[in-house]
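Novice: Could you have a look at this structure, given as structure tokens, before my questions?
The values are calculated or read from the model by the stated rules, or taken from the named source; none is laboratory data. All values reported here derive from a predicted model rather than from experimental measurement. Every residue, glycine among them, receives a Cβ derived from its backbone with ideal geometry; neighbour counts consider all protein chains shown. For accessibility, only protein heavy atoms count, side chains too; no ligands or nucleic acids. Shrake-Rupley method; radii C 1.70, N 1.55, O 1.52, S 1.80 Å.
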There are 4 protein chains.
Amino acid sequence: MEREHNLIPEDAWWKRYLYRIIYRSDTKLGKLFDIILLSLILISTAIIMMESIPRLDKRFHYTFIILEWIISIFFSAEYVSRIAVVKNKRHYIFSFFGIIDFLALVPFYLSFFFPVTKYFLIFRMLRMLRVFRVFNLMDFMNDGSVIVRALKNSSRKIYIFLLFLIIFSVIVGSLMFMVEGGRPGFETIPQSIYWAVVTVTTVGYGDVSPITPMGKFFAVILMLAGYSIIAVPTGIVTAEMRNKRQNLEKVCDRCGNEDIDDDARYCKQCGKKLA
Amino acid sequence: MEREHNLIPEDAWWKRYLYRIIYRSDTKLGKLFDIILLSLILISTAIIMMESIPRLDKRFHYTFIILEWIISIFFSAEYVSRIAVVKNKRHYIFSFFGIIDFLALVPFYLSFFFPVTKYFLIFRMLRMLRVFRVFNLMDFMNDGSVIVRALKNSSRKIYIFLLFLIIFSVIVGSLMFMVEGGRPGFETIPQSIYWAVVTVTTVGYGDVSPITPMGKFFAVILMLAGYSIIAVPTGIVTAEMRNKRQNLEKVCDRCGNEDIDDDARYCKQCGKKLA
Amino acid sequence: MEREHNLIPEDAWWKRYLYRIIYRSDTKLGKLFDIILLSLILISTAIIMMESIPRLDKRFHYTFIILEWIISIFFSAEYVSRIAVVKNKRHYIFSFFGIIDFLALVPFYLSFFFPVTKYFLIFRMLRMLRVFRVFNLMDFMNDGSVIVRALKNSSRKIYIFLLFLIIFSVIVGSLMFMVEGGRPGFETIPQSIYWAVVTVTTVGYGDVSPITPMGKFFAVILMLAGYSIIAVPTGIVTAEMRNKRQNLEKVCDRCGNEDIDDDARYCKQCGKKLA
Amino acid sequence: MEREHNLIPEDAWWKRYLYRIIYRSDTKLGKLFDIILLSLILISTAIIMMESIPRLDKRFHYTFIILEWIISIFFSAEYVSRIAVVKNKRHYIFSFFGIIDFLALVPFYLSFFFPVTKYFLIFRMLRMLRVFRVFNLMDFMNDGSVIVRALKNSSRKIYIFLLFLIIFSVIVGSLMFMVEGGRPGFETIPQSIYWAVVTVTTVGYGDVSPITPMGKFFAVILMLAGYSIIAVPTGIVTAEMRNKRQNLEKVCDRCGNEDIDDDARYCKQCGKKLA
């Protein structure tokens, strides 16, 4: 996820100290910091959710606002500290988590100048992604990165599959628009495409369903197709996941080749016997 | 599932005798005991189900109560016997099945002191898990343990996947709350998250479905995402399951072939006799 | 599917002749017979379907009855011939297809003695299974048997998975019965179990869906569980299917070992170099 | 997808020039042409969709018609050019994309002679498939062809699976017709089969759902079956996709190791330099 920015800042001692607490979790204070961060993220998310429930918002309106203030100030201080103690500030600011950290703070400060709208909350919700940052430190993401790598390596195939799925849905949706005429849920082509996607992905809300026998017949074909082609993304990811069972620790000490399978006894690039 | 507690108790002969009947199934009586146990578990479950149907409960109320008494007494006697004949009593009591056995009895005895509430029944339902204990003995669980092991080995990856799925659903739910405003089913963020989970898991009840074109557009994207990421848990478990096949310890010492079946006597690659 | 019964009957020439037409498809007449059989099966199925549509049944009632007579007489003649020309009659009669052939005829003859009821039609529908018999001959089922074998080999694991799924659904259903009280769709435990199965299998009709926030919360957990454990049967079948990629034609000519992988160069049982 | 027709036409220079622009994308003009083509396909599709929305069609009716004219003329010119510059004209005309190109133009020219009906639009929608032609050139389809090849290789198995699924649905549908009698959604056998397909593919609209306890019981069995057999197509495609990885032609001639990556220079099992 996040490449570490300047592991060892050589500036002032307090910077080094803070760096260790914030960016690492190998000290007691560092671990405490992580736990506080995780708690605040979860509390913050819970507050945003509860604010949307009128009954709760009425009763605890001011509690929520005060808590939001406290959390926002903490997150602001954290954001400033993160920039302060890191050497390559640019790198952090434009890294994935740097942007998330920033976006999560924006709505709070904007609310001083603009009336609060519900469109702010989605940015506040982005804070949840910071959960991964904490887990990242907790040595929990090794398994996660296997998933992410498998998805990344198969992303092109998945894009093509999605492209095919979209074109397929558009054509089938148009077909159903012809068949089901202007019946409820099939009034326009986009609506028919909506139905096609609901069906082919096997979600099947039932807010729109075919009415004429002809429509039902086409729906049956579409469902059988959807049921079969679900195998495609699965096959892609599974094949990719199996592929990456390399031994991540082994390196060939003659040629530096790192792409070494678990069962390899010789380097496939230079023929050196592996230890 | 259950590690056996003290295979051969050396106490009294009747303990050894009972032990063999209760904990094993290699004698005629032991098999009979298993079948009776299995039957009582199924009867007990059927009674709990039927009690919840007013029409049946009215008609057979006393039959159900009497049967429940008989079964509870049998299970109590069994529980006491299990403790009596086993050497490491502590181990049994705090084992997975020991706790299940205990919890399944609790509601019966509590009902003497407290009014019976419907909250008791879930504990009584836990009895069903004892079915696995019987199958365990029946040498039926060998295949089951392959599944369990594959799930255990990939559990960390699955947890991370679920964590990602939850965060994804929370963010998408919040987005839909913004888009679909206060329309039915999207009144609050938690409700919108409920919709997001219903959609991304392809369950699609249809009790809540998007109404605005914008909402339908986001729903389409979510469905396509859900349809694609279903591949991830599948890929994880499949990769893990495949991993547990061949004899992982055998290697051909002439050619280094590690793909050696359990029953192989010669290397299939170079013809060398295997040790 | 069907083991052939007595490939070469040595009786009368007409028996041998008929045998070749009925049981094989390597002659012109044999192929014609297959095509007629396939057509009649499909026509018969179409008639049964159309009979259930009042509008069509009214209009073509007598046409349907006459066609059914013709087809039933043909199938009867075929059944008698099959028994006549085969040597091991017992074997055929009690084989899978022998029973199907018989059951498909029973309702027709029963209808002379008993009033026709709708319960007859399911037996008539079993005729559809005979389609596989025709395909069997058409050398189309080689790929099919790979699927069947993979399913057979993993059937024990799938049974255990289903057993687990059922027990899981029963316990979750009971839990929801407690949570959702007597709300519509959750009036009794069996109904709650029905909902649990609808949810965990991601079917999600929506005829029953949780109403209380607590119920929705449990539903969300159940859906996430269902979405994840769908990976289990997939993993089982995929692992089994990959496992069976042996070369079915290779046999070791020294020791007769038939379990030879595609990539094997030496027999793994006796070490003989394979041709 | 499309085999190229006569890569180097030796005719006039303008033909060679046009050929390069239209059929290739290794020149600046060729790339521009692809981008224009892609844009026009997307615009054309968007127009067809918007025409179906009465509100938009009313307002922009003439804009849509003019744009459709422009696009149709461009596509016509392109179609004629494609035929003109290619040497093997027959090959192009009857190729997959040749037919698509033609069908997409037909409705436009037919509309001069016949009144425009909604049945035309599906042919116009086929234009979307031309998107693949553009991507084809863009060296994006390498990954796509892996998917297509895996699907093609497993197509026979998938057909048999679908055949089985259809016969299964027909029999289960008939069974439900018997059980649920003439209840809404189960009035005829075809309707019951529609329900069976909706259920077994886990789509679950909910427009039809079982009402009687008996019907719900059968539905539960069907759902569990559908949940399990979804593993079959997945297993088929995954097995096929895995099959297409390694370099299948390379073998180590010292140890016979066939598991050789595309980029390997030495055998990973015995260290032998590969030819």
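Novice: To one decimal in nm, how far is D:P213 from the same spot in the other copies, if labels go 7 Å from Cα toward Cβ? Please give the shortest first.
Specialist: Computed spacing set for this position: 3.5, 3.5, 5.0 nm.
Novice: Residue-wise, which Karplus ³J(HN,Hα) couplings in Hz belong to segment B:25-42, taking 6.51 cos²θ - 1.76 cosθ + 1.60, θ = phi - 60°, and x for glycine or proline?
Specialist: Ordered by residue, 3J(HN,Hα) equals 9, 9, 10, 4, 5, x, 5, 4, 4, 4, 5, 4, 4, 4, 4, 5, 4, 5 Hz.
Novice: Would you rank D:V80, C:V179 by solvent-accessible area, highest first, keeping every protein chain in place and using a 1.4 Å probe? Mind dumping the intermediate values first?
Specialist: Details: D:V80 95, C:V179 35 Å².
Most to least solvent-accessible, the answer reads D:V80, C:V179.
Novice: Something else: Spelling out what I want: for every residue of segment C:220-225, take phi, set θ = phi - 60°, compute 6.51 cos²θ - 1.76 cosθ + 1.60 (Karplus), and round to whole Hz; glycine and proline get x.
Specialist: For segment C:220-225, the Karplus curve yields 4, 4, 4, 5, 4, 5 Hz.
Novice: Carbon and sulfur atoms: what percent of the 1.4 Å accessible area of segment D:4-140 do they account for?
Specialist: Here it works out to 72 percent.
Novice: Follow-up question, since we're still on this one. Could you report segment A:146-250's accessible area per residue, 1.4 Å probe, as an integer in Å²?
Specialist: 33 Å²
Novice: Based on Cβ point charges of +1 for Lys and Arg and -1 for Asp and Glu, what charge dipole magnitude is obtained for segment A:146-250 about its Cα centre, in debye rounded to the nearest 20? All intermediate terms of the calculation are to be shown ahead of the outcome.
Specialist: Details: 10 positive and 5 negative charges, 146 e Å.
Computed about the Cα centre, the dipole is about 700 debye.
Novice: Just the accessible area for D:E51, please: 1.4 Å probe, Å², rounded to the nearest 10?
Specialist: We get 50 Å² for D:E51.
Novice: Continuing with this model, one more query. At a 1.4 Å probe, which residues in segment C:224-243 are at least 50 Å² less accessible with all protein chains present than in their chain isolated?
Specialist: C:L224, C:Y227, C:S228, C:I230, C:A231, C:V232, C:T234, C:T238, C:A239, C:M241, C:R242
Novice: Pick out, from B:I147, B:F186, B:A225, the residue whose Cα sits farthest towards the positive end of the charge dipole of segment B:146-250, with +1 on the Cβ of Lys and Arg and -1 on the Cβ of Asp and Glu.
Specialist: B:I147
Novice: Moving to a separate point now. Using only protein heavy atoms and a 1.4 Å probe, report how much of D:K157 is accessible, in Å² to the nearest 10.
Specialist: The accessible area of D:K157 comes to roughly 30 Å².
Novice: Right, something else. Would you kindly work out, in nm and rounded to one decimal, the distances from the label point of B:I73 to those of the same position in each other copy, ordered shortest first, with label points 7 Å along Cα-to-Cβ?
Specialist: Values, ascending and in nm: 6.9, 6.9, 9.8.
Novice: Quick one: ranking D:S111, B:S209 by accessible area, 1.4 Å probe, largest first, what do you get?
Specialist: D:S111, B:S209
Novice: Would you tell me the accessible area of B:K152, worked out with a 1.4 angstrom probe on the heavy atoms of the protein chains, in Å² to the nearest 10?
Specialist: 140 Å²
Novice: Oh, and also: Explain nothing, just the number: dipole magnitude of segment D:38-185 about its Cα centre with +1 on each Lys and Arg Cβ and -1 on each Asp and Glu Cβ, in debye rounded to the nearest 20. Working shown, then result.
Specialist: Numbers: 17 positive and 8 negative charges, 60 e Å.
The calculated dipole for segment D:38-185 is roughly 300 debye.
Novice: Still on this structure, please answer the following. When the scattering of segment B:146-250 is computed by the Debye formula from its Cα atoms alone, each counted once and equally, what is log10 I(q)/I(0) at q = 0.15, 0.19, 0.22, 0.23 Å⁻¹?
Specialist: Debye intensities relative to I(0), on a log10 scale: -0.66, -0.88, -1.06, -1.12.
Novice: A follow-up question, please. Do you know which residues of segment D:86-126 lose at least 30 square angstrom of accessible area in the protein assembly compared with their chain on its own, with a 1.4 angstrom probe?
Specialist: D:K118, D:Y119, D:L121, D:I122, D:M125
Novice: Could you name the residue in chain A with the C-beta closest to the rotation axis that superposes chain A on chain C, along with the separation in whole Å?
Specialist: Reported as residue, whole Å: A:G206, 3.
Novice: Continuing with the same structure: Using a probe radius of 1.4 Å on heavy atoms only, what accessible surface per residue do you get for segment A:4-140? Whole Å² is fine.
Specialist: Values: 7770 Å² over 137 residues.
On a per-residue basis, segment A:4-140 sits at 57 Å².
Novice: If you put a point 7 Å past Cα along the Cβ direction, how far is that point for A:K15 from the same point in each other copy, in nm, smallest first?
Specialist: 7.1, 7.2, 10.1
Novice: Here's a follow-up. Restricting to Cα pairs below 8 Å that are 6+ residues apart, what does the relative contact order work out to for segment D:146-250? Please round to a whole percent.
Specialist: 33 percent
Novice: List the accessible area buried at the contact between C and B, summed over both sides and calculated with a 1.4 Å probe, in Å² to the nearest 100.
Specialist: 5200 Å²
Novice: Quick check on my link table: of C:K31/C:K152; C:K28/D:K152; A:K31/B:K157; C:K31/D:K157; A:K58/C:K216, which ones sit more than 26 Å apart, alpha carbon to alpha carbon?
Specialist: The answer is C:K31/C:K152; C:K28/D:K152.
Novice: How would you classify segment D:4-140 from its alpha-carbon gyration tensor, with a ≥ b ≥ c the square roots of the eigenvalues: rounded for a/c under 1.5, else prolate if a/b is greater than b/c, otherwise oblate?
Specialist: Since a/c reaches 1.5 and a/b is larger than b/c, the shape of segment D:4-140 is classed as prolate.
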